[in-house]
Amino acid sequence: MLAYGIIGLESHTLQNINSGTQNEILEHIDKRISIDDFSQYSPLVTAYGLDYFGVKSRNSMQEKSLVVGTAFFIMGSTVNLIKWTGSVQRPDGTSYNSFPSGHTATAFMSAEFLYQEYKHKSPWIGIAGYAVAAGTGYFRMYNNRHWLTDVAAGAGIGMLSTKIAYKLHPFLKRKLFRSKKSMNAIIFPRMDGNTYGVAMMLNF
């Protein structure tokens, strides 16, 4: 998906697919739906919430929070760097930071995290997370904020960020948590005017 998005920056064929897909979606729109501002975080909230309902995850709360923090850092840094250095205009013409889709990257990062933490319980938990992530990408196009290539690249970056975070986890765990002291983590939604996000508080 990441390769598809990158190739789409120069490929006239994929750009035509972008335009055709966008036109097809816009033909069936009655009004904008801002559910994508919230759905991008749903798999992540689920990954923490299931523990409270007795469905134990692969890792402890401390280790999950370390993985999530690492994945968010990798994903956010990558997405913002590309946006700042790129010049892809959004479908609605409001700005030139369309590529890649940050909402979609967040959603697929969270979905991959949910899958990794609960695949030992049931693959359907991860599948549900990916369904929500795919829906987030669709609504980014539905709301005329992103092209198909933006969404594809965002999905690839999101999943890759989580996979890298899990690879780095053993190293970071040894470096950051050498002592036996416990760490508590709280993750909660954050809303500030027209912006939405997730905040994480760590107590060492």
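Bear in mind these aren't lab numbers, they're just calculated from the coordinates by the rules spelled out. The shown structure was predicted, so the numbers you read here are calculated from the model rather than taken from an experiment. As a convention, Cβ positions derive from the backbone with ideal geometry for all residues, glycine included, and neighbour counts pool all protein chains shown.
Need one number: nm distance between label points at residue 124 and residue 176, each 7 Å from Cα along Cα→Cβ, rounded to one decimal.
3.4
Give me the lysines in straight-line cross-link reach of residue 56: C-alpha distance below 26 Å, same-chain residues under 8 apart excluded.
Counting by Cα, and skipping residues close in sequence, residue 56 has these lysines nearby: 64, 119, 121, 163, 167, 173, 175, 180, 181.
Sort 53, 38, 139 so that the residue with the fewest other Cβ atoms within 10 Å of its own Cβ comes first and the one with the most comes last.
Neighbour counts put them in this order, fewest first: 53, 38, 139.
Check every DSSP H run in the chain and write down those whose alpha carbon atoms cover 27 angstrom or more along the long axis and whose mean Kyte-Doolittle hydropathy is -0.5 or greater.
Flagged H segments are 61-85, 123-142, 148-176.
Arranged by the count of other C-beta atoms within 10 angstrom, fewest first, what order do 150, 36 take?
36, 150
So how much slack lies between residue 24 and residue 80, counting 0.36 nm per residue of separation and subtracting their Cα-Cα distance, in nm?
17.3 nm
Among 152, 128, 107, whose mean-square fluctuation peaks in a Gaussian network model of the chain (Cα, cutoff 10 Å)?
Comparing 152, 128, 107 in a Gaussian network model of the chain, the most mobile one is 128.
Which one, 50, 81, 176, has the greatest fluctuation when you compute a Gaussian network model over the chain with C-alpha springs under 10 angstrom?
Most flexible of the set in this elastic network: 176.
So if each residue of separation counts as 0.36 nm, and I subtract the Cα-Cα distance between residue 11 and residue 34, what length gain in nm does that give?
5.3 nm is the gain from fully extending residue 11 to residue 34.
Could you work out [θ]222 nm for the chain from helices alone, using -39500 (n - 2.57) per DSSP H run of at least four and dividing by all its residues? Round to the nearest 500 deg cm²/dmol.
The per-residue figure over the chain is -20500 deg cm²/dmol.
Choose one answer from 55, 45, 88: the residue with the largest mean-square fluctuation in a GNM of the chain with alpha-carbon springs under 10 Å.
With Cα springs under 10 Å in the chain, the top fluctuation among 55, 45, 88 is at 55.
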